[in-house]
Amino acid sequence: MRRKTKMIHGGVTGDEQTGAVSVPIYQVSTYKQDSVGNHRGYEYSRTGNPTRAALESVIADLENGKAGFAFGSGMAAISTVMMLLDSGDHIVMTDDVYGGTYRLMTKVLNRFNLNHSYVDTSYPEKAEAAITDKTKALYVETPTNPLLKITDIAKMAEIAKKHDLLLIVDNTFATPYWQQPLDLGADIVLHSATKYIGGHSDVVAGLVAVHSSELAERIHFIQNSVGGVLGPQDSWLLMRGIKTLALRMEAIEANTKKIVEFLQGHDQVSSIYYPGLSDHRGHDIALGQAQGFGGMISFDVGSGERAEKVLKTVKYFTLAESLGAVESLISLPAKMTHASIPADRRAELGITDGLIRISVGIEDSEDLVEDLKQALNE
Ligand SMILES: *Cc1c(COP(=O)(O)O)cnc(C)c1O
């Protein structure tokens, strides 16, 4: 099955019994048993729900895995995966991971003696150097937010294998349409499905996919024990979103390239972060491990004052956190998504006050470019 076909025909797609071409929303918590302990595959919806199960089969297929899991948020998915580790274990992580993941590690899981080291995994040798005898996993986000740093997934898989570690990849920015980490050797791939997979700014959800049945069993056990599952209505919305994921990603890719072209020629823009640029560090790796570069662009306009003026003046870019929706979004990482990171740490990472991040939507690219043009020239 080719990639676009898979978005439509991957996993469970309809209802055998009625012929409905959309999976019904099984708004139910419990299931009648035919006799004591004798049920038809479902007994309680935390453990399993037919609508969620259909979505879970879809994400497994999209990621070329064998099992999938759906959670009430990306953070619920990440927390569940982290619970595969034991107290005293250590994990090596990409240093500019999503802020919520950073918070989970430094303010919550640290209290359970789950330790971590942040390294710039775009240099895999730095990740390898950070491995200790307690290290049990490598955790990679690629591309990252907001500087779109690229980590070589296959190389990280090699290191993981050599040291007998799990490789976990947050694939939110790339989506399963453009990048398939399990094929590159990752053990676990996860998503904030709130972003591109849902795609319409109307669901908060998380997804996980794995190859190994042993890992699948352990994750299902934790999912059922901890209970952060996705409800049937939201599971259905994600399946609906996935039907157009290919179309949206292609439209976003085309729009993004047009916007980058415009920004490159603008004298107020000092640097542009986009993996599709040949001078972006990691461009060649992105080209090799993904089929597209995605719809995120960050660019520097020189000062926080100028950046805020741009944000105030744009018409078609909605000022909001989050990303990956049909509508274009604009944000100021230093004051919004990354405000909780100390200023010196922000500076170290390269997140300047004048750095604007946009998540490109599917509007007419001409409108988006004209809008940025008027905002930058104001
Ligand atoms: C948003 C996001 C998350 C967290 O997901 P939620 O659905 O908001 O809980 C994790 N990783 C990345 C890369 C994200 O962008």
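The values are calculated or read from the model by the stated rules, or taken from the named source; none is laboratory data. Note that this is a predicted model, so its numbers are computed, not measured. Backbone-built Cβ (ideal geometry, glycine too); neighbour counts: all protein chains shown. Just so you know, the surface numbers come from the protein's heavy atoms only, side chains and all, with ligands and any DNA or RNA stripped out. Shrake-Rupley method; radii C 1.70, N 1.55, O 1.52, S 1.80 Å.
Data table
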| item | result |
| --- | --- |
| Residue-normalised accessible area of the chain, given per residue in Å² at a 1.4 Å probe | 44 |
| Cleavage-rule hits, GluC sites (Glu not before Pro), the range 86-150, DSSP coil, Cβ neighbours within 10 Å at most 10 | none |
| Gyration tensor verdict on the range 93-136 (Cα atoms; rounded if a/c is under 1.5, prolate if a/b is larger than b/c, oblate otherwise) | oblate |
| Over 37 Å [Cα-Cα, the chain], rounded percent | 20 |
| Low-density loop positions, GluC sites (Glu not before Pro), the range 1-56 - DSSP coil, at most 16 other Cβ in 10 Å | E16, E43 |
| Inter-label distance, nm, simple model (7 Å from Cα along the C-beta direction), I8/R103 | 4.0 |
| Portion, in percent, of the accessible area of the chain that falls on carbon or sulfur, probe 1.4 Å | 50 |
| Cα-based shape type of the range 324-363, given that a ≥ b ≥ c are square roots of the gyration tensor eigenvalues and the cut on a/c is 1.5 | prolate |
| Between the range 198-252 and the range 1-67, the Cα center-to-center distance that results, in Å | 12 |
| M156 accessible area, 1.4 Å probe, all protein chains in place, Å² to nearest 10 | 0 |
| MRE, 222 nm, helices only [DSSP H, n ≥ 4, -39500 (n - 2.57), over the chain, to nearest 500] | -10500 deg cm²/dmol |
| Descending Cα extents along the principal axes, the range 247-377, whole Å | 37, 33, 28 |
| Helix axis angle, 50-62 relative to the chain longest principal axis, alpha carbon, degrees | 50 |
| Efficiency of FRET between T318 and S340 - r from beta-carbon atoms, R0 30 angstrom, step 0.05 | 0.85 |
| Considering only the chain, percent of DSSP beta bridges that pair antiparallel, nearest 5 | 55 |
